[in-house]
Amino acid sequence: MSAALDRIDKFNRLLGRVAAWAALLMMLFQGVAVLLRYVFSYGLISFQEAVIYGHACLFMLGAAYVLQVNGHVRVDVFYNRMKPSARRAVDIAALVVFVIPVACAIGWYSFPYVLSAWSTLEGSRQTGGIPAVFLLKTSIMVFALSLALQAAVIAVRFVTGQPMRDWEPEPVSADNGDA
């Protein structure tokens, strides 16, 4: 079972790298689009859509990686002051009660939407746009699946007592950094 968990982790690290490259490409396309529009008075729909695709990839493909490295936003009122066993219980409950069901619901309800896009190989509605809207919509399914699997991996590792070095919060210090 550990090998399967490691493969899911590895896959989500790969998605995280893809998301990082998407962020870089998104910035480059946005910069070129602005340069073309305001310096040369020339606009390219495909560059504008590439920014949208990059933005979608950044969030949809990077979500499971962010969860994997405990980089997600946590509303922390008591969490850092809890004992490790209590934090583990909170994390397991949050993953099982919230993350996995929401990811599964997103996957379930988006499946017909994505399937419809694939059945027609849906392209851009704009002339000169990127003819791969079906791939953009597929990122919704990749998001749901990768997030649900990563949440399950983390929950299994917590329940079985495997170490989760990325999930240990920073120690709370008495000095809050104000000097």
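Can you run down the residue pairs with Cβ atoms below 6 Å, 6 or more apart or on separate chains, where the first is in the stretch 122-136 and on the phi > 0 side of the Ramachandran plot and the partner is surrounded by 13 or more Cβ atoms within 10 Å (Cβ to Cβ)?
Hits for this filter: Gly128/Ile45; Gly128/Ser46.
Looking at the stretch 17-30, I want the residues that are touching a residue at least 12 places away in the same chain (Cβ under 8 Å) and β-branched (Val, Ile, Thr) and have a partner that is part of a helix (DSSP H, G or I) and surrounded by 15 or more Cβ atoms within 10 Å (Cβ to Cβ) with Cβ atoms under 7 Å, at least 6 apart or on another chain. Which pairs are those?
Val18/Cys57; Val18/Leu61
Looking at Phe143, is it touching a residue at least 12 places away in the same chain (Cβ under 8 Å) and assigned to a helix (DSSP H, G or I)?
Working: touching a residue at least 12 places away in the same chain (Cβ under 8 Å): yes; assigned to a helix (DSSP H, G or I): yes.
Yes, satisfied.
Can you name the residue in the stretch 60-94 that is out of contact with any Phe, Trp or Tyr (no Cβ under 8 Å at 6 or more places or on another chain) and crowded, with 18+ Cβ neighbours inside 10 Å and is also nearest to Phe143 (Cα to Cα) among such residues?
Gly62
Just name the residue that is surrounded by the most Cβ atoms within 10 Å (Cβ to Cβ) out of those in the stretch 1-59 that are farther than 18 Å from Ile130 by Cβ and β-branched (Val, Ile, Thr).
The qualifying residue surrounded by the most Cβ atoms within 10 Å (Cβ to Cβ) is Ile8.
No value in this document is a laboratory result; all are computed from the given coordinates. All figures in this text were calculated on a predicted structure; none of them were measured in a lab. Neighbour counts are summed over all protein chains in view; Cβ atoms, including those assigned to glycine, are modelled from backbone coordinates with ideal geometry.
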